[in-house]
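What follows is calculated from the coordinates using simple rules that are stated; it is not laboratory data. Bear in mind that the values here come from a model prediction, so they are computed numbers and not experimental data. For neighbour counting, all protein chains shown are included, and Cβ atoms are generated from backbone atoms with ideal geometry for every residue, glycine included.
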Amino acid sequence: MITKSNRPHLKAISTSTLLNYLFAFILFTSIFGCKVLEKKNQKSATIIKVKNPIATLRDNETISIPYKLLQKEFPSAIIAFIQLIDNKSHKTIVSQPIDNNEDGITDAFLFQTDLEPNETKYFSVNLSQNIPDSSSVFAKFISKPEGLGDFCWENDYIGYRMYGQARADAQGTGTAIDVWCKKTDRKLTDDWYTAGQSYHIDKGYGADHYASGKNQGCGGSGILHKDSIYYSKPYSSWKIIANGPVRLVFELKFSGWKIDNTYLRETKRITLDAGQYLNRIESTYEVTDKNFSFSHAIGIAQRSDSKVIIDKKNNLSESWEKLTIPAGSENGSLGCAFIADPKTNVKNITSRNNHLFGIMTAKSEKSIIYYTGAAWSEFGNIQSFENWNTYIQNKKECINHQCTVTILK
């Protein structure tokens, strides 16, 4: 037995000696890690083949590779070191592993590229300790007092928000999607919520010039039942699933409906990629009465001077309006649009109550997928209604005809 009198004497170690040991350990692990990556890269690189199947230009196209296709060569322990190189330009590409169902396992590997009509491109997959991670997307819950519970998200082109319950209590807002007009590709959410300033005033980088109204704005939704539209209270909870650098994903839950003794709850999963104007929105309802008949109605607010396209053949609608906030000012124009996913059943696209509406079939626990978003004429290449229409028509083609991805050895 070791007692106080016979236990081993522990010699004190100086701080400088400890630092030397620590430096040696870091140096060893760094060299060892480099050797592992070097040995891995000595094998022939994995090649990704991406094909654009249509005669449409695709800018900032997000390519999603199921991780199971890469897992054999790149197990989860080294996923953080995966590096993608464009074989044509030889540039390293920003990429992002993503866990869509939050089970702790990577589901897909994302990156972006530009593709000419019908172009095929090749990318090499290697390992490196120098992975670019500059993010062009950002999502954030803004608490009181500045944010009043708003949820904001943005990319390098445009920004959006949905109002919180505190703002609804104070200002009477609802479930509309508001638009932030940006003049820069940098993150602006925190700047706009700086105490003591108005985000309706453009200080050189954009502002909130859009009048969203209470319940629709640019893509807000409600429930259509017996020819009446019912709106929820503002969202009751939020969750960020991914926050860049290529894609942001978050969920908002709404629990504000009771119609004919039936209770309904909705979860919106919203996705926005870098370099894109449109959000991908997936709405799923939970309904206490499975036989309750209703439709999902997304709306776009209209003004007296709005230019409008309703394209029932392609299941989309577009608008273009002048922006006059603050009152009496002229701040360019804003385009808003709705596109239904090809897997979603559209009942009608119509105009009623000063709104464009996309009416879609809804069933309990069945996802409804659609795209909504906006572009401001004062930033970027979309400066007219004609530009906006061209963009939306091309985007519809890209949604309907996804790129094909092949893993080559």
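Helix 15-41 and the longest principal axis of the C-alpha atoms of the chain enclose an angle of approximately 70°. The trypsin sites (Lys or Arg not before Pro) of region 334-371 that meet both conditions, a loop assignment by DSSP and at most 15 other Cβ atoms within 10 Å of the site Cβ, are Lys343, Lys366. The angle separating the long axis of helix 385-400 from the principal Cα axis of greatest extent in the chain is about 60 degrees.
Using a Gaussian network model on the chain with a 10 Å cutoff between Cα atoms, which of Ser367, Ser228, Ser134 fluctuates the most? Most flexible of the set in this elastic network: Ser228. Suppose the Debye formula is applied to equal point scatterers at every Cα of region 174-220; what is log10 I(q)/I(0) at q = 0.25 Å⁻¹? The computed values of log10 I(q)/I(0) come out as -0.93. With a ≥ b ≥ c the root eigenvalues of the C-alpha gyration tensor of region 312-407, is it rounded (a/c under 1.5), prolate (a/b larger than b/c) or oblate? Here region 312-407 falls in the oblate category. Suppose only helical runs count, i.e. DSSP H with n ≥ 4. What mean residue ellipticity at 222 nm does that imply for the chain under -39500 (n - 2.57) per run, divided by all residues and rounded to the nearest 500 deg cm²/dmol? Helix contribution divided over all residues of the chain: -4000 deg cm²/dmol. Of all lysines in the structure, those lying under 24 Å Cα to Cα from Lys187, and not within fewer than 8 positions of it along the same chain, are Lys140, Lys144, Lys203, Lys239, Lys268.
Listed values [x] 23.7; [y] 22.5; [z] 23.1 include one computed from this model; for Kirkwood radius over Cα pairs in Å that value carries the label [x]. Among the listed pairs Lys68/Lys313; Lys121/Lys182; Lys258/Lys312; Lys226/Lys253, those whose Cα-Cα separation exceeds 28 Å are Lys68/Lys313; Lys121/Lys182; Lys258/Lys312. Using a Cα-Cα cut-off of under 19 Å, which aspartates and glutamates could be cross-linked to Lys396, ignoring same-chain neighbours fewer than 8 residues away? Counting by Cα, and skipping residues close in sequence, Lys396 has these aspartates and glutamates nearby: Asp59, Glu61, Asp114, Glu116, Glu119, Asp273, Glu282, Asp311, Glu318, Asp341, Glu386.
Scanning the chain for GluC sites (Glu not before Pro) that sit in a DSSP loop and have at most 13 other Cβ atoms within 10 Å, the longest stretch containing none of them is 103-329. Among Arg247, Arg167, Arg269, which one shows the biggest mean-square fluctuation in a GNM of the chain, springs joining Cα atoms closer than 10 Å? With Cα springs under 10 Å in the chain, the top fluctuation among Arg247, Arg167, Arg269 is at Arg167. Just checking the listed ones, Lys187, Lys268, Lys203: in the Gaussian network model of the chain with Cα springs under 10 Å, the one fluctuating most is Lys203. Of the cross-linked pairs Lys322/Lys343; Lys363/Lys395; Lys91/Lys322, those separated by over 29 Å at the C-alpha level are Lys322/Lys343; Lys91/Lys322.
Once Rg and the Kirkwood radius are both taken over the C-alpha atoms of region 138-378, their ratio Rg/Rh works out to 0.94. Alpha-carbon geometry of region 206-333: the Rg and the Dmax are 16.9, 50 Å, given in that order.
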